[in-house]
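Q: First the structure, then my questions, so here it is.
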Amino acid sequence: MFDYFANPSRFNRAVKLVLPWLEIIAFGFLGYGLYLALLNSPADYQQGDAVRIMYIHVPAAWIALSSYLLLGICAFFFLIWRHPLAEIAASAIAPIGAGFSALTLITGSLWGKPIWGVWWVWDGRLTSMLVLFFFFIGYLALSNAFDQSERGARPAAILALIGCINLPIVKFSVDWWNTLHQPASIMRSGGIAIDSSMLSPLFTLFIAFQLFFIVIVLMRMQTVLNNRKIESHILRG
């Protein structure tokens, strides 16, 4: 599949086919999710309406973690098989993942102030998420540290793989250490601890965010492939 879609013409044809549908579905889920989150879901009995920040914060955190995992997979494919499509995918994923990591940190601070009384603490979950954000930034910095982006691809891919060590730390930090951040409410041994009235908007917005992530990554990959195709034609000419 990687070999097939490495051809810019094939990739562009496939993207043009699926992109409009993905955009429509993403906006549909986003609109419905916001309606559920802002108008249909109840306020929390302890946190009040401040809990509504969860509907942005939690899906953003899930996307940040999954996008870094995908970045690491692409980096592995590039280092082992030197496949150009994997490197292009990684370069497209990194800034989007960094954006979702930043959104997670910002919304977490906005949520933490009324609940904890502070904007930031050096909590296990918060600190490991900040480290994840720095790994995204480090990948971007290394990728763009050379005149030719291809020269920075290998060191950036190595850094991406090293950063994967941080993923289980982010996930299990609330279990390993006594932190202010609340423990897991969904992926936990005792079952889901969130009422269905809050779970529905949470998963709806997660799907919307995931589709938005896919759309932006595909658009960025399309742009990079087209630019490199133009550059190769110029060099040959």
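Since every read-out is calculated from the coordinates, none of them should be taken as a lab result. Computed from a predicted structure; not experimentally measured. Reconstructed Cβ throughout: ideal geometry from the backbone, glycine too, with neighbour counts over all protein chains shown.
Q: Pop the C-beta distance of Arg10 and Leu39 into the FRET formula with R0 = 41 Å and round what comes out to the nearest 0.05.
A: 0.40
Q: Another one. How much FRET efficiency would the formula 1/(1 + (r/R0)^6) give for Glu23 and Asn226, where r is the Cβ-Cβ distance and R0 is 25 Å, rounded to 0.05? Before the final figure, lay out each step's value.
A: Values: r = 19 Å, r/R0 = 0.76.
My answer for the efficiency is 0.85.
Q: Cα axis of helix 166-176 to longest principal axis of the chain: angle in degrees, 0 to 90, nearest 10?
A: 10 degrees
Q: Any idea what diffusion coefficient the chain gets from Stokes-Einstein, in µm²/s, Kirkwood Rh on alpha carbon pairs, 20 °C, 1.002 mPa s?
A: After rounding, the answer is 111 µm²/s.
Q: Related question: Just the Cα atoms of the stretch 24-153, one point each, no solvent: what log10 I(q)/I(0) does Debye give at q = 0.16, 0.19 Å⁻¹?
A: -0.88, -1.06
Q: Calculate, for Trp116 and Leu199, the FRET efficiency according to 1/(1 + (r/R0)^6) with r their C-beta to C-beta distance and R0 22 Å; round to the nearest 0.05. Before the final figure, lay out the partial values.
A: Numbers: r = 23 Å, r/R0 = 1.07.
So, using R0 = 22 Å, E works out to roughly 0.40.
Q: Fully extended, how many nm does the chain gain between Ile162 and Glu150 (0.36 nm per residue separation, minus their Cα-Cα distance)?
A: Gain in length upon complete extension: 2.4 nm.
Q: Something else about it: Once the Cα gyration tensor of the stretch 70-137 is found, what semi-axes does its equivalent ellipsoid get, as square roots of 5 times the eigenvalues, in whole Å, sorted largest first?
A: 32, 11, 6
Q: So for each of 20-29, 39-48 I average, over its residues, the number of other beta carbons within 10 Å; can you give me the resulting order with the highest mean first?
A: The most tightly packed comes first, giving 20-29, 39-48.
Q: Whole-Hz Karplus ³J(HN,Hα) for the stretch 115-120, in order, using 6.51 cos²θ - 1.76 cosθ + 1.60 and θ = phi - 60°, x for Gly and Pro?
A: 8, 8, x, 9, 6, 8
Q: Now a separate question. Under 8 Å for C-alpha pairs, at least 6 residues apart: give me the relative contact order for the stretch 39-97, rounded to a whole percent. Walk me through the intermediate numbers first.
A: Values: 30 pairs, mean separation 16.6, N = 59.
It rounds to 28 percent for the stretch 39-97.
Q: Restricting to Cα pairs below 8 Å that are 6+ residues apart, what does the relative contact order work out to for the chain? Please round to a whole percent.
A: 32 percent
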